[in-house]
Structure formats: C-alpha cells, structure tokens
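Report on one structure; see the data block that follows.
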Amino acid sequence: MDVAELTKQLKTKTPAMVYLVLGTQQVLLDEAVQQFIKLVPPEQRVMNVGRYDMETTPVATALDDAMSAPFFGERRLVLVNKPFFLTNERGKGKIDHDIPGLLTYLEHPEPSTTLVFLAPYEKLDGRKKVVKELKKSAVVVDAAPLDERQARQQVARELKVAGFTIDQAAMDELVQRTNADYGLMKANVEKLKILAYQEKHIDSSMVQNLVPQSLDENVFDLVTAVLKHDQPRSLSLYQQLLAGQQQPLQINAVLVSQFRLLIQLKVLAHRGLSQGSMASQLNVHPYRVKLGLRTVRQFSMTALENAYLGLINIERSLKTTQRDPELLFQLFMLKYSQR
C-alpha cells in the first residue's frame with residue numbers, strides 16, 4: 001500500500017490497529033503522519049496523540065501509552081518514530097528497549113489504539129523475530145522514494161485535486177530542475193501554485209523563473225560540454241558557477257562525482273544491468289541513472305577516464321597551491337581537448 005491508498009482507506013474504512021510506514025522519502029512519511037493525525041478530532045489531540053522517538057525513549061513508554069484508554073474520545077494514536085531496533089543499525093543512545101513486551105502487544109493490540117511505526121529506512125532486518133511479527137500484524141505502507149514516473153503522476157494528481165493544471169513542458173522542466181526528487185518537486189509546486197493562483201495553470205516559463213537549478217544540474221551541463229571538447233561553453237558554464245558564489249572545490253567535487261558515476265554506469269551497462277539494478281547498486285536516484293546512461297552511450301571509457309583523472313589533478317592543485325581556479329580549469333580543458 002502506498003500513501004495515496006492509505007489516505008483513501010483512512011477516509012472510508014475503520015483504521016487498523018497497527019501500521020508500519022517504511023521508506024526514506026521524508027515527505028511521504030510526513031504525509032502519512034498527517035493522515036493518521038486526522039483520525040483524532042483536533043480538540044482531542046493533546047491528550048490522545050503520542051509521539052515517541054526510539055533513539056531517546058524506550059519502546060515500553062510508547063506501549064504504556066498505547067495500552068491506555070482514550071481520554072474523552074474514541075481513539076488513541078501512538079506514533080513510534082525511528083524504531084532502529086527493527087534494523088541492523090545501532091541507536092545513537094543506550095536505550096534499553098523491551099522487545100518481548102512489544103511482541104506481546106503485537107499478539108494482542110489495543111482495539112481503541114492505532115499504533116504506527118515510522119521507519120525511515122530502506123529496509124528492516126528480516127531475520128529478527130520482532131520484524132517478522134510486526135509484518136504479520138501491521139498494515140505496511142510504502143514510503144520509498146518515488147521514481148520519475150511515479151513522481152510525475154503524484155504531482156499531477158495533487159495539482160488536479162487542488163484545481164490546477166500543468167502542461168507537459170512545465171512538468172519536464174520541473175523534473176529536470178529537481179532531478180525528479182518528489183520532495184523537491186512538491187516543495188516547488190507549492191510556490192508555483194501561489195504564482196499561478198489566478199490562472200490555475202502552470203507553464204514552463206513559471207518553472208524556469210521560480211525553480212532554481214541545483215548545482216548537480218548545472219554541473220551536468222558542464223560535464224556534457226567537457227566531453228564534447230566544447231571549450232568556449234565549458235569555460236562559460238564554469239564562470240557562471242563561480243559567479244553564482246559556488247566554491248571552486250565544491251564545483252570540482254561535484255564534477256568528480258559526476259564523472260565517477262558515469263564510469264560506473266559505463267561498466268554496469270557493459271555487464272547488462274537494468275536501470276533499476278544500477279540505481280539500487282549505486283544508491284542513486286533512478287533519474288540520475290537515466291540521464292547518465294544517455295550520456296555514456298555517446299562517449300568512450302577512455303574519454304570518461306581522462307576527464308576524471310584531469311579533474312583529480314585540479315582537486316590536488318586547488319588543495320596544495322594558490323593558482324587561480326579558472327586558470328586551472330582552462331589548462332585542464334586545453335589538455336583534455338588535445339587528447
């Protein structure tokens with residue numbers, strides 16, 4: 001079940017007694033929390049909604065709350081955040097969690113309580129008994145990062161519900177400027193809705209004027225210019241980054257990271273891995289993999305390696321000498337273009 005389906009079910013059906021919201025997309029976790037809080041009337045939330053962070057509070061405290069009867073209401077909501085004991089991670093503090101007590105509660109949950117575990121992790125440790133029992137008892141809600149297609153659909157759906165429309169060019173521009181990160185897309189859509197309040201329509205010019213390009217996105221254009229040996233455009237883009245108050249070391253670090261990713265994608269593509277497998281193995285967003293593969297198909301491994309090594313040399317010079325960063329980049333482009 002995803003968060004959109006959870007929203008529908010909470011409006012039309014009796015809530016389950018235990019939920020597990022699992023995934024690293026914080027905006028989806030936040031949306032799920034808001035839907036759960038709506039189960040309790042506003043005037044009752046102070047007494048009937050409990051929030052507990054498992055990195056600072058024992059799970060026994062949350063269970064005591066869950067086993068209590070609602071205070072002048074029909075339902076108690078208990079939110080258990082960061083239950084690291086469900087993973088193979090170690091918590092930041094030395095909190096002693098009553099896992100046997102949790103197992104007992106899962107066998108006989110309190111009917112008037114909705115207990116929600118908010119797990120901002122990629123996965124849980126399936127070998128643990130408590131994880132196995134939780135997955136048996138709980139309704140599992142997926143809060144994993146959305147891929148590009150899902151992010152597009154979700155944004156379009158939310159805009160439609162709010163009475164807005166967005167054209168294809170504007171959606172494409174929004175995806176490009178946010179690297180298809182749903183959290184960034186959602187945050188920027190809120191600003192675009194204000195801009196388009198009267199017309200109720202969002203076009204590409206609004207996105208271009210309001211949504212800033214990330215450093216990664218600007219650097220991606222620079223990477224393409226470098227690989228094409230386009231010295232004038234490469235230098236122009238580099239100067240623009242400097243003019244935008246970006247630090248030379250930071251620019252170079254992102255360039256090195258981009259070329260490292262391209263080399264990795266070149267190797268994995270040669271091995272026949274799918275885009276999804278590459279994204280999972282490299283732990284990067286699928287949209288970056290999609291753009292990277294589009295680039296590596298046009299260039300040889302030698303071209304990628306030469307650029308990568310040249311940028312490593314720039315990094316060394318930036319850290320050990322006082323030479324002008326722009327001059328170092330010009331020399332790099334000159335040597336790279338001659339190869």
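The values are calculated or read from the model by the stated rules, or taken from the named source; none is laboratory data. Computed from a prediction, not measured in an experiment: that's the story for all the values here. With ideal geometry, Cβ positions are generated from the backbone for all residues, glycine too; neighbour counts draw on all protein chains shown. Accessible surface is based on the protein model in full, side chains and every heavy atom, while ligands, DNA and RNA are left aside. Shrake-Rupley method; radii C 1.70, N 1.55, O 1.52, S 1.80 Å.
When restricted to residues that are farther than 18 Å from residue 100 by Cα and touching a residue at least 40 places away in the same chain (Cβ under 8 Å), the range 36-54 contains 3.
Filtered by the rule that a residue be part of a helix (DSSP H, G or I) and over 25 Å from residue 130 (Cβ atoms), the range 36-62 gives 37, 42, 43, 44, 45, 46, 47, 48.
Being touching a Phe, Trp or Tyr at 6+ places or on another chain (Cβ under 7 Å), of a type in the set (Val, Ile, Thr) and in contact (Cβ under 8 Å) with a residue 24 or more places away in the chain is a property that holds for residue 87. Reported count of residues in the range 6-30, each being surrounded by fewer than 20 Cβ atoms within 10 Å (Cβ to Cβ) and either among the hydroxyl-bearing types (Ser, Thr, Tyr) or without any contact (Cβ under 8 Å) to a residue 40 or more places away in the chain (or both), is 10. Return a yes/no flag: does the range 37-58 have any residue that is open to solvent by 70 Å² or more (accessible area, probe 1.4 Å), under 14 Å from residue 112 (Cβ atoms) and of a type outside the set (D, E, K, R). Yes - at least one qualifying residue is present in the range 37-58. Within the range 124-142, the set of residues being in a helix (DSSP H, G or I), in contact (Cβ under 8 Å) with a residue 60 or more places away in the chain and open to solvent by less than 40 Å² (accessible area, probe 1.4 Å) comprises 134 only. Within the option set 24, 14, being farther than 23 Å from residue 187 by Cβ, out of contact with any strand residue (DSSP E or B) (no Cβ under 9 Å at 6 or more places or on another chain) and not in a helix (DSSP H, G or I) holds for one residue only, 14.
Residue-level analysis places residue 249 among those that are open to solvent by 60 Å² or more (accessible area, probe 1.4 Å), aliphatic (A, V, I, L, M) and touching a residue at least 12 places away in the same chain (Cβ under 8 Å).
Within the range 221-246, the set of residues being open to solvent by 70 Å² or more (accessible area, probe 1.4 Å) and under 18 Å from residue 177 (Cβ atoms) comprises 240 only. The set of residues in the range 63-112 being over 18 Å from residue 137 (Cβ atoms), open to solvent by 50 Å² or more (accessible area, probe 1.4 Å) and not in a loop (DSSP other than H, G, I, E, B) consists of 64, 81. The set of residues in the range 280-295 that are over 21 Å from residue 308 (Cα atoms), in contact with a helix residue (DSSP H, G or I) (Cβ under 6 Å, 6 or more places away or on another chain) and open to solvent by less than 50 Å² (accessible area, probe 1.4 Å) contains only 287. When residue 197 is tested against the conditions (1) touching a residue at least 12 places away in the same chain (Cβ under 8 Å); (2) farther than 30 Å from residue 22 by Cβ; (3) hydroxyl-bearing (Ser, Thr, Tyr), the lone failure is (1).
I'd like to know if the range 319-336 contains one or more residues that are farther than 16 Å from residue 230 by Cα, in contact (Cβ under 8 Å) with a residue 12 or more places away in the chain and out of contact with any Leu (no Cβ under 8 Å at 6 or more places or on another chain). Looking for residues that are farther than 16 Å from residue 230 by Cα, in contact (Cβ under 8 Å) with a residue 12 or more places away in the chain and out of contact with any Leu (no Cβ under 8 Å at 6 or more places or on another chain), one finds none in the range 319-336, hence no.
Yes or no: the range 303-317 includes at least one residue that is open to solvent by 60 Å² or more (accessible area, probe 1.4 Å) and under 30 Å from residue 189 (Cβ atoms). Among the residues of the range 303-317, not one is open to solvent by 60 Å² or more (accessible area, probe 1.4 Å) and under 30 Å from residue 189 (Cβ atoms), which makes the answer no.
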